[in-house]
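Below is one structure, written out as C-alpha cells; the observations come after it.
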Amino acid sequence: MLVFPEGSSNYKKFGAELLSQQLDSDLLITAKRVARVANEFFTDLAPKGLTQEMLNTITDLRAAFEDLIVDVKLKIAERDTHQQERVEKANTIYEMLVKFAVTGQNIWTNQDVAKYNDYVIYNTISGNEEPPKL
C-alpha cells in the first residue's frame, strides 16, 4: 500500500508522473525533486522501506546522468567541429584541383581537343555536362 494515495497532493509533489516520456532535462529535475521531497517525508516513508542510502543513490545517479548528458553535448560539438574542418580541407583540395584543371586546359586549348577535355570539370552533381537550357 502506498504511503500517499495516488492523486493526492503529497503524491503529486514528487512529480514522477510519466517518467518514460520526460525529456532528459525534465528527468534531471524530477530526480532532484524526488530526492528532496523524499527527504521531506522521510519519517513517513522509512517504515515502508525507504533508506537514506536509496536517496543517496538517486542523487548519485542523477549527477552521473547529468555528466553523461554534458559529455554527449560536448561530443556532438566536437563532431561538428571535425566535420567543418573536413569540409574546409576538401574545399582547399577542390580549389587546387580546379587550378590544375584550368592550367591543363590552357596548355591544350589550341593543340589537342581530347587532352583539353581531360581537364574539364563539370559543375554538376552527376559530373556530366548539363543539357542546354531552352
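The values are calculated or read from the model by the stated rules, or taken from the named source; none is laboratory data. Keep in mind the model is a prediction, meaning the values are calculated, not measured. Virtual Cβ from ideal backbone geometry, glycine too; neighbours counted across all protein chains shown. Just so you know, the surface numbers come from the protein's heavy atoms only, side chains and all, with ligands and any DNA or RNA stripped out. Shrake-Rupley method; radii C 1.70, N 1.55, O 1.52, S 1.80 Å.
Report the gain in length on full extension from THR103 to HIS82: 0.36 nm times residue separation, minus Cα-Cα distance, nm rounded to one decimal.
4.4 nm
How high is the FRET efficiency from ALA16 to VAL70, r the C-beta distance, R0 25 Å, rounded to 0.05? Mind dumping the intermediate values first?
Working: r = 23 Å, r/R0 = 0.94.
Once the sixth-power term is evaluated, E becomes 0.60.
What's the long-distance tail for the stretch 10-66, i.e. % of Cα pairs beyond 18 Å?
Values: 521 of 1596 pairs.
Tail of the P(r) past 18 Å holds 33 percent of the pairs.
Once you compute Rg and the Kirkwood Rh from C-alpha atoms, what is the Rg to Rh ratio for the stretch 38-97?
When Rh is taken as the Kirkwood radius, the ratio is 1.55.
State the answer as a single residue: which of PHE41, GLN111, GLN83 lies farthest towards the positive end of the charge dipole of the chain, with beta carbon charges of +1 for Lys and Arg and -1 for Asp and Glu, about the Cα centre.
PHE41
Would you compute, for the Cα atoms of the chain, the largest minus smallest coordinate along each principal axis and list the three values in descending order, in whole Å?
Largest to smallest, the principal-axis extents are 97, 35, 16 Å.
Among the aspartates and glutamates, which have Cα under 17 Å from the Cα of LYS89 when same-chain residues fewer than 8 positions away are ignored?
GLU78, ASP80
Compute and list, largest first, the equivalent-ellipsoid semi-axes of the stretch 1-40 from the alpha carbon gyration tensor, each √(5λ) rounded to a whole angstrom.
19, 12, 7
In Å², and per residue, what accessible area does the chain have when probed at 1.4 Å with the other protein chains present?
82
Under Stokes-Einstein, with the Kirkwood radius over Cα pairs standing in for Rh, what whole-number D in µm²/s applies to the stretch 76-116 at 37 °C and 0.692 mPa s?
In µm²/s, the coefficient is 270.
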